[in-house]
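S.K.: Dumping the structure here so I can ask a few things about it.
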Amino acid sequence: MMTNQHSSDGARGVFVSVDGPGGAGKTTIVRHLAQLLAAEGQDVHVTAEPSSGPIGVLAAELTETVTGHALACLYTADRYYHVETEILPALDAGRTVVSDRYLASGLVVQRFDGVDPVFLWNLNEHVHRPDLAVILDADSDVIAERLSDRGPHNRFQHTPGSSLTEVEFYRHAADAMAAAGFTVLRVYCSDRSAAQSAALIAGRLTTLSVQNRVAS
Ligand SMILES: Nc1ncnc2c1ncn2[C@@H]1O[C@H](COP(=O)(O)OP(=O)(O)OP(=O)(O)O)[C@@H](O)[C@H]1O
Ligand SMILES: Cc1cn([C@H]2C[C@H](O)[C@@H](COP(=O)(O)O)O2)c(=O)[nH]c1=O
């Protein structure tokens, strides 16, 4: 995977991605996190994948009907476009970018269609690294219950046992990313409220910013 070039003036913003199994609470936690960071005075840009750009809109439209490698390529194309047109410009403007789904989702979701994780990893090889990749982890029974209360968002969440499989896929993705040198924060969110998970992430971002200031 590509490593990022950081601007030498230290003005570039911080990029945090939040991924994890369906129903783990990504969207809810991102909302709390954005509020916390904004309350600290940060200029926060919340985004998501699929992005609202043309490839993201197409991917979202086709998710129920297109499968496998073709869909993986579409989501990865959206990711590269998302980085180029939205994430990097926001970071260059000094904003804190929080993405609801990013690379780890790209390493996981298409595995439900049988796509080889090595293919997914290679496809994403040049994706911009988040400063902090948060991966939510949870007891699969807890998130299966949250999903059934809220209702599934996509075909991947209809399969019985999908929560257990997805938890395992995200653990594998977190291990692979950590082994490749990503800064990964695993947040176990079965027994934490969304606000508590967001506070944990915000705390880690503060530590990272202090470390980066000391290092520069
Ligand atoms: N501790 C918790 N943390 C986060 N969400 C929780 C928690 N407890 C219950 N929920 C609820 O779980 C449901 C799923 O949350 P959310 O939609 O944020 O998940 P998600 O990971 O974004 O799901 P998806 O991948 O399907 O979009 C919501 O109704 C949310 O209110
Ligand atoms: C990034 C990414 C997303 N998807 C799919 C999975 C879902 O159908 C949507 C995301 O919607 P949600 O409300 O956040 O669950 O996008 C995918 O298949 N592959 C990906 O890489």
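S.K.: Given points 7 Å out from each Cα along the Cα-Cβ axis, report the Glu125 to Thr159 separation in nanometres with one decimal.
M.R.: About 2.7 nm separates the two model spin labels.
S.K.: For the chain, what does -39500 (n - 2.57) per DSSP helix run (n ≥ 4), summed and divided by total residues, give at 222 nm, in deg cm²/dmol to the nearest 500?
M.R.: Values: 9 runs with 107 residues, N = 216.
Dividing the helical sum by the residues of the chain leaves -15500 deg cm²/dmol.
S.K.: If amide H atoms are built 1.01 Å from N in the plane of the peptide, which residues on other chains or at least 5 residues away come under 5 Å of the amide H of Ser99?
M.R.: Sorted by chain and number, the residues that satisfy this are Val16, Ser17, Val18, Thr47.
S.K.: Peptides 187-194, 154-161: what's the order by average Cβ count within 10 Å, highest mean first?
M.R.: 187-194, 154-161
S.K.: Right, another one. 5 Å is the cut-off here: which amide hydrogens, built 1.01 Å from N in the peptide plane, fall below it relative to Asp137, excluding neighbours closer than 5 in sequence?
M.R.: Those lying under 5 Å, H to H, from Asp137 are Val187, Tyr188, Cys189.
S.K.: If you take the beta carbon distance between Ala180 and Ser52 as r and set R0 to 30 Å, what does 1/(1 + (r/R0)^6) give as a FRET efficiency, to the nearest 0.05?
M.R.: Efficiency at R0 = 30 Å is approximately 0.60.
S.K.: Using per-residue counts of other Cβ atoms within 10 Å, averaged over each peptide, order 92-103, 12-23 from highest down.
M.R.: Averaged packing, sorted descending, gives the order 12-23, 92-103.
S.K.: What ³J(HN,Hα) values, in whole Hz, does the Karplus curve 6.51 cos²θ - 1.76 cosθ + 1.60 give for the stretch 65-76 when θ = phi - 60°, with x put for Gly and Pro?
M.R.: Residue by residue, the stretch 65-76 yields 10, 9, 10, x, 4, 4, 5, 4, 5, 5, 5, 6 Hz.
S.K.: Could you rank the peptides 55-65, 170-180 by their average count of other C-beta atoms within 10 Å per residue, with the highest value first?
M.R.: The packing order, highest mean first, is 170-180, 55-65.
S.K.: With the crude spin-label approximation of a point 7 Å out along Cα→Cβ, what separation in nm comes out for Asn212 versus Asp92?
M.R.: My value for the distance between the label points is 1.7 nm.
S.K.: In addition: Can you run phi through the Karplus equation (6.51, -1.76, 1.60; θ = phi - 60°) for the stretch 33-45 and list ³J(HN,Hα) in whole Hz, with x for Gly and Pro?
M.R.: Working through the residues one at a time gives 4, 4, 5, 5, 5, 5, 5, 7, x, 7, 8, 9, 10 Hz.
S.K.: With θ taken as phi - 60° and the coefficients 6.51, -1.76 and 1.60, list the Karplus ³J(HN,Hα) couplings across the stretch 94-111 in order, rounded to whole Hz; mark glycine and proline as x.
M.R.: x, 8, 8, 9, 10, 10, 7, 5, 7, 4, 4, 4, x, 8, 10, 4, 6, 5
S.K.: For the pair Cys73/Arg150, report the inter-label distance in nm, with labels modelled 7 Å from Cα in the Cβ direction.
M.R.: My value for the distance between the label points is 3.1 nm.
S.K.: Could you work out, for the chain, what percent of all Cα-Cα pairs fall into each 5 Å distance bin, beginning at 0 Å and stopping at the bin that holds the largest distance?
M.R.: P(r) over the chain, rounded to whole percents: 1, 7, 15, 20, 21, 18, 11, 5, 2, 0, 0.
S.K.: Can you tell me the FRET efficiency between Asp141 and Ser193 if r is taken as the Cβ-Cβ distance and R0 is 25 Å, rounded to the nearest 0.05?
M.R.: The value I calculate is 0.90.
Where a number appears in this text, it was derived from the coordinates with a stated rule and is not lab data. Bear in mind the structure is a predicted one, so any value in this text is a computation, not a measurement. Counting neighbours? That spans all protein chains shown, and the Cβs are built from the backbone with ideal geometry, glycine included.
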